[in-house]
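Accompanying notes for the structure given below.
Just so you know, all these numbers are worked out from the coordinates, no wet-lab data involved. Everything numeric here is computed off the predicted structure, so don't read it as measured data. Cβ placement follows ideal geometry from the backbone for every residue including glycine, while neighbour counts extend to all protein chains displayed.
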């Protein structure tokens with residue numbers, strides 16, 4: 001008995017176990033939701049993280065809570081689906097791509113529309129895949145066979161349809177608002193993209 005304990009490592013090394021365990025879960029299909037008329041359905045749609053970078057502590061906390069709820073519902077006998085996805089966040093992503101190009105001494109005019117779109121898709125694929133990998137490292141029990149991206153054709157079509165319906169119902173409208181207007185991008189930016197600076201003015 002003593003000889004066995006001598007072989008035990010002093011500290012736990014997640015790399016030695018967690019990837020293999022997660023791969024076994026994936027291969028067994030235990031996260032894949034199936035339509036089962038004998039079971040009550042339960043679904044959570046992951047608020048899609050933006051592809052502007054990588055996950056942060058807020059994502060980790062939120063996704064952990066969603067994971068706990070989904071796993072608990074599976075244990076209760078529900079046909080549980082946790083739908084993963086990523087958001088293109090086009091304005092914020094454009095800023096990131098433009099910043100990267102600037103570091104290379106390039107502008108959007110230098111590369112043209114097609115060249116810029118190619119760079120934007122490269123960015124989306126690089127950071128989108130990184131986010132999916134991070135979620136898997138967290139052990140998230142998402143149904144990866146249904147993973148969605150907001151620029152996928154069916155998602156984009158659905159968003160357009162919903163916006164038109166909301167507009168026709170009078171729930172979306174133009175109003176006078178103070179916004180973060182970017183004179184360079186010629187569009188409104190989110191608060192997260194703004195660097196505040198106090199100035200003496202009137």
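Please build a GNM for the chain, connecting alpha carbons under 10 Å apart, and tell me which residue among 54, 76, 134 fluctuates the most.
Taking springs between Cα atoms under 10 Å, the residue moving most is 76.
Which of 187, 21, 32 moves most in a GNM of the chain, Cα contacts under 10 Å?
187
Which of 149, 31, 72 ends up with the largest GNM mean-square fluctuation for the chain, with Cα atoms connected below 10 Å?
Comparing 149, 31, 72 in the GNM, the peak value goes to 72.
Could you list 201, 145 so that the one with the fewest beta carbons within 10 Å of its beta carbon is first and the one with the most is last?
Numbers: 201 4, 145 11.
Placing the least packed residue first, the sequence is 201, 145.
Within a 10 angstrom radius of the beta carbon, how do 97, 45, 35 rank from fewest other beta carbons to most?
Values: 97 20, 45 12, 35 8.
The most exposed by this proxy come first: 35, 45, 97.
Normalised radius of gyration for region 2-151, please: alpha carbon Rg relative to 2.2 N^0.38 Å, two decimal places. Let's see the in-between values first.
Numbers: Rg = 20.0 Å, N = 150, 2.2 N^0.38 = 14.8 Å.
Scaled against compact globular proteins, the figure is 1.35.
Rounded to the nearest Å, what's the spacing between the alpha carbon centres of region 11-84 and region 110-178? Just the number, please.
20 Å
What percent do you get for the relative contact order of region 33-122 when only Cα pairs under 8 Å and 6+ apart count?
Working: 81 pairs, mean separation 31.5, N = 90.
Over region 33-122, the number comes to 35 percent.
Counting other beta carbons within 10 Å of each residue's own, what order do 154, 88, 59, 202 fall into, fewest first? Kindly include the intermediate steps, with their values, before the conclusion.
Working: 154 8, 88 22, 59 18, 202 2.
The fewest-first ordering by Cβ neighbours comes to 202, 154, 59, 88.
With n ≥ 4 as the cut-off for DSSP H runs, can you work out [θ] at 222 nm for the chain, using -39500 (n - 2.57) per run divided by the number of residues, rounded to the nearest 500?
Numbers: 6 runs with 99 residues, N = 202.
Mean residue ellipticity at 222 nm (helix-derived): -16500 deg cm²/dmol.
Treating the angle as unsigned and between 0 and 90°, give the value, to the nearest 10°, between the Cα long axis of helix 57-75 and the longest Cα principal axis of the chain.
50 degrees
Rank by packing, highest mean first: peptides 173-186, 102-115, 120-133, with packing defined as the count of other Cβ atoms within 10 Å averaged across residues. Don't skip to the end; give the middle numbers.
Values: 173-186: 8.1, 102-115: 10.6, 120-133: 16.1.
Result, highest mean Cβ count within 10 Å first: 120-133, 102-115, 173-186.
Find the relative contact order for region 2-151 and round it to a whole percent, using C-alpha pairs within less than 8 Å whose residues are 6+ positions apart. Provide the component values of the computation, followed by the final result.
Values: 150 pairs, mean separation 50.8, N = 150.
So the answer I get is 34 percent.
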